[in-house]
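Only one structure is covered here, and it is reproduced in the block below.
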Amino acid sequence: DALMQAYAGLMSINGHPGAEPARVGTSIVDMGTGMWAALGIVGALRQRDATGAAVEVTTALFETALMWVSYHAMGYFGSGEVPQPQGSGTAMIAPYQAFPTADGYVMIGAGSDGLWLQLCRALHATDLARDPRFVDNPSRVEHRAALIDALSARTREWKTSELIEALRVAGVPSAPILGIDAVLTEPQTLESGMLVSAPHPRLPDYRAIGLPIQWDARRPGIRRVPPSLGEHSEDVLTSLGYTRDDVRSLKTQGVIA
């Protein structure tokens, strides 16, 4: 996964300007390739239903990683400018990134001139709304550094929860930047039903993240928990021609669990 993130350019646009290359914090290429494969299989089944013809479905980790940089590639084709890391932001819109608060960070997405004005009102920063450097999105992108400094000075005056509420009332898209521990107890997570549990031979409180799909408002549960270390060693090895005596010998020698 990390090798393909590097090879396909993902690591060149991730992280912060001037910092060392950074990989995406989850195995996005591995998981994405599985999703593309599943989508391809569904398409192939539909084609078989319609035409009776079977097809071979193929995909690759590199192709998935390349797909994840597709709009950056289109920008390069159009402008000739090599995309650079943008931290939590985006090169095309400002302000659209994380800003510091008195006790953390808040992601703010003022993706239009109207939302920019609403943001300024919520922050009691009408002076910024009148600043000619920030009059529209192209101007704000051009003067991004000054904009970030000015807004950061205002957002630092707020606690995260208070700023989130003020922006909610103002209709400005925003979100707290939560740690994994916090998001697992977030009301949205609990209400979504995405946390699923199942009986486990060793873990009485076994929980996992469920599928982000529902059929007729029903989310599929866990059909089986991950196997314990060595749980299927004997089955696998005997299917490959090893005898049970061979397996016992390998276990005795510590070769397998």
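Each Lys or Arg adds one and each Asp or Glu subtracts one; over the other residues with Cβ under 10 Å from the Cβ of LEU61, this totals -3. What is the gain in length, in nm to one decimal, between ARG223 and LEU195 on full extension, counting 0.36 nm per residue of separation less the C-alpha to C-alpha distance? Fully extending the segment from ARG223 to LEU195 adds 8.6 nm. Suppose the Debye formula is applied to equal point scatterers at every Cα of the range 8-135; what is log10 I(q)/I(0) at q = 0.17, 0.20 Å⁻¹? So the normalised log intensities work out to -1.02, -1.17. Convex hull of alpha carbon positions in the chain: directionally averaged projected area 22.0 nm².
In a reduced charge model with +1 at each Lys and Arg Cβ and -1 at each Asp and Glu Cβ, the range 1-76 shows a dipole moment near 140 debye about its Cα centre. Extension gain, THR243-SER88: 0.36 nm per intervening residue step, less the Cα-Cα distance, totals 50.2 nm. Sorted into 10 angstrom bins from 0, the C-alpha pair distances of the range 107-234 split as 10, 29, 20, 16, 14, 8, 2, 0 percent.
If you run the Gaussian network model on the chain, springs between alpha carbon atoms under 10 Å, then out of GLY241, GLY78, GLY40 the most flexible one is GLY241.
Could you give the size of the charge dipole of the chain about its Cα centre, using +1 on the Cβ of each K and R and -1 on the Cβ of each D and E, expressed in debye and rounded to the nearest 20? Each step should come with its number before you reach the end.
Working: 21 positive and 27 negative charges, 70 e Å.
The calculation lands at about 340 debye.
Considering the range 191-257 at the alpha-carbon level, its Rg and Dmax are found to be 17.8, 52 Å.
Its residue count N sets the reference 2.2 N^0.38 Å, and the alpha-carbon radius of gyration of the range 2-79 equals 1.39 times that reference.
Mind running the shape call on the range 179-225? Use the C-alpha gyration tensor, a ≥ b ≥ c as the square roots of the eigenvalues: rounded below 1.5 for a/c, prolate if a/b tops b/c, oblate otherwise.
On the way: a/c = 2.62, a/b = 1.08, b/c = 2.42.
Oblate, because a/c is 1.5 or more while a/b does not exceed b/c.
Anyone know which of GLU162, GLU81, GLU56 comes out most mobile in the 10 Å Cα GNM of the chain? Among GLU162, GLU81, GLU56, the largest GNM mean-square fluctuation belongs to GLU56. Taking Lys and Arg as +1 and Asp and Glu as -1, the other residues whose beta-carbon sits under 14 Å from that of THR90 total +2. Note on ILE180 and MET74: with the Förster distance fixed at 41 Å, the Cβ-Cβ geometry gives a FRET efficiency of about 0.80. Of ILE28, MET11, VAL55, which is farthest towards the positive pole of the range 1-66's charge dipole, taken about the Cα centre with +1 and -1 on the beta-carbons of Lys, Arg and Asp, Glu respectively? Projecting each Cα onto the dipole axis, the largest value belongs to VAL55. Within the shell defined by Cβ-Cβ distances under 11 Å, the residues around MET194 carry a net charge of 0, with Lys and Arg each +1 and Asp and Glu each -1.
Just so you know, all these numbers are worked out from the coordinates, no wet-lab data involved. It should be emphasised that the depicted structure is a prediction, and the values quoted were computed from it without experimental measurement. Heads up, the Cβs are rebuilt from the backbone with ideal geometry, glycines too, and the neighbour counts pull from every protein chain shown.
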